[in-house]
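Following: one structure in structure tokens, then a few remarks.
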Amino acid sequence: MKKYLSFFCCVFFLFSCSFFNNSEEEMMNKIIIESDFSIENIKNDKIKSQIQDWQKSLEKNIKKDIVLSSSEGTGGLLTEKPSLFFIQEKFALEDIQSVLFFVEKNIYKIQPEYETKIFHFDKKGKNIEIQNLIRIKENKKLLSSLLKEKLANNDKVFPGNLQKEIEKYLENPVVYFDATKIGFVFDRASGVAPRSAGVIRVEFPIEKLVSVLNTQYFPKIVDHIKQIQEKKKKMLSSGKKYVALTFDDGPHRTRTPRLLEILKKNNVKATFFLLGSNANRYPEIVKQEKDGGHQVESHSWGHPNFLHLSVEKAKAEINNTDDVIKKATGEKPKFFRPPYGAFNDKTLMLTDKVFLLWDVDSQDWKNKDVQRNLANVRKTLQAGSIILFHDIHEASVDTIEPLIHELRGKGYEFVTVKELLDFYDGNSKGRVCVSGKNCKKGKK
């Protein structure tokens, strides 16, 4: 009799568990969560699948929380329309693609909850843990020191417990990589600041953290930075003062090729900021600039004042020029010189390019005279200067050879803008550069 009773109790227990589980599943299925989740911009199906699994798991856990709150009698705290809002950012360095999500979860009436999630994938779509991409344990002291130094200058950060919170954060940090920098994301739950401070980012130029990168995943960038460092040592030992010659508004059908011959004859590398309309007209000259070892960058399509453009028109000016230059050279411009040097914070948000201005203006467009051009360059020239010329004027091209001889006689040497920024570390300070030594985060 006892055996039958035990068997009955066991069956009843299993039936009860099954009933309640089914009831919970039914309740969860009835819950509708509004969501703006989208990964249409990701083409790799394997990567898509892994991100979708995370998103489904996120929604399932939220539904469980809602059912649990209802069963515990705290359903009155729940919002009538639960929702999820996603902000997605993509980064890439060599073969590693990073996808960062900021999630706002609106479940309770009181306030939203927030979550941060980052994925790192190799070219085959395999998910790589951050501990394999950067050597955290071996460099914990270095990372902790650098992060503390940056965060300590942020007014929103709690100063008292900062060291402890950073060490805790480094156990599983949210880190992204792109072509020029490594970024660390401290979300609202990180403990370094009050939740009201929102997300805090700390970024470093890649060369500052090259020793932390795992060469298995970043062999090219590690090798490239080592080459830059070696070149910088040689440049330092030479004792020379470095400046960059830059030319706007080209290419011109006859004057730009003549300028290229002068530069080649004198073994000078320069930087050209092209108008997309002219690059489209003379793609063979654009290719000639690139093949000559010069830096080829963007100056917009038609030279408008960006302060007077709509967002759509401004983006078109940049994107159309990028397309033409990439078609001619195989590379998309990484620098942008706004026409008239006119821009604001809204313009900066249009692109992730470095905004390249100048600190020496030859005023060649106005002078159209070799001696006046030379005199204007002499006025403010110094080591690290970025010199502005236009390769569409005859007198401008005539000025270059005597300028090269004069400046070399005074101990100057010519490099591209990128080389100038690498040498003087200007690009580590911001993305709006007036000279090799003077870059800022925002407006000039």
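Descriptive notes on the structure:
- Count of region 262-305 residues, restricted to those that are out of contact with any Phe, Trp or Tyr (no Cβ under 7 Å at 6 or more places or on another chain), surrounded by 21 or more Cβ atoms within 10 Å (Cβ to Cβ) and assigned to a helix (DSSP H, G or I), is 5.
- Taking (1) over 30 Å from residue 179 (Cα atoms); (2) surrounded by 13 or more Cβ atoms within 10 Å (Cβ to Cβ); (3) free of Cβ contacts under 8 Å to residues at least 12 places away in the same chain in turn, residue 65 satisfies each apart from (3).
- Residue that is closer than 30 Å to residue 59 by Cβ, modelled with pLDDT under 90 and either surrounded by fewer than 13 Cβ atoms within 10 Å (Cβ to Cβ) or out of contact with any Phe, Trp or Tyr (no Cβ under 9 Å at 6 or more places or on another chain) (or both), where the choices are 159, 205, 112, 194: 194
- Number of positions in region 196-214 that are in a helix (DSSP H, G or I) and of a type outside the set (Ser, Thr, Tyr): 7
- For residue 117, the stated conditions do not hold, so it cannot be described as surrounded by fewer than 15 Cβ atoms within 10 Å (Cβ to Cβ) and closer than 30 Å to residue 80 by Cα.
- Pair list, Cβ < 6 Å and 6+ apart or interchain, from region 92-110 residues that are assigned by TED's automatic domain parsing to the domain that holds residue 80 to residues that are surrounded by 16 or more Cβ atoms within 10 Å (Cβ to Cβ) and small (Gly, Ala, Ser): 106/83
- The sole residue among 57, 83 that is touching a Ser or Thr at 6+ places or on another chain (Cβ under 8 Å), without any contact (Cβ under 8 Å) to a residue 60 or more places away in the chain and either outside the structural domain of residue 177 (by TED's automatic domain parsing) or surrounded by fewer than 17 Cβ atoms within 10 Å (Cβ to Cβ) (or both) is 83.
- Some residue of region 141-163 being over 22 Å from the mean Cα position of the chain (by Cα) and under 17 Å from residue 99 (Cβ atoms): no
- Where helices (runs of 4 or more DSSP H) fall entirely within region 320-411, those with at least 1 residues that are closer than 23 Å to residue 253 by Cβ are at 364-367, 370-380, 394-409.
- Filter result for residue 292 (under 31 Å from the mean Cα position of the chain (by Cα), closer than 30 Å to residue 348 by Cβ and modelled with pLDDT of 95 or more): no
- Scanning region 215-248 for residues that are closer than 28 Å to residue 410 by Cβ and part of a loop (DSSP other than H, G, I, E, B) yields 239, 240.
- Test: residue 104 is among the charged types (D, E, K, R), surrounded by 13 or more Cβ atoms within 10 Å (Cβ to Cβ), within 19 Å of residue 199 (Cα to Cα) and over 22 Å from the mean Cα position of the chain (by Cα): yes
- Elements of type strands (runs of 3 or more DSSP E) in region 68-139, at least 1 residues being farther than 23 Å from residue 189 by Cβ and among the β-branched types (Val, Ile, Thr): 96-108
The values are calculated or read from the model by the stated rules, or taken from the named source; none is laboratory data. None of the values given here were measured: they were computed from a predicted structure. Using ideal geometry, Cβ is built from the backbone for each residue, glycine included, and neighbour counts are taken over all protein chains shown.
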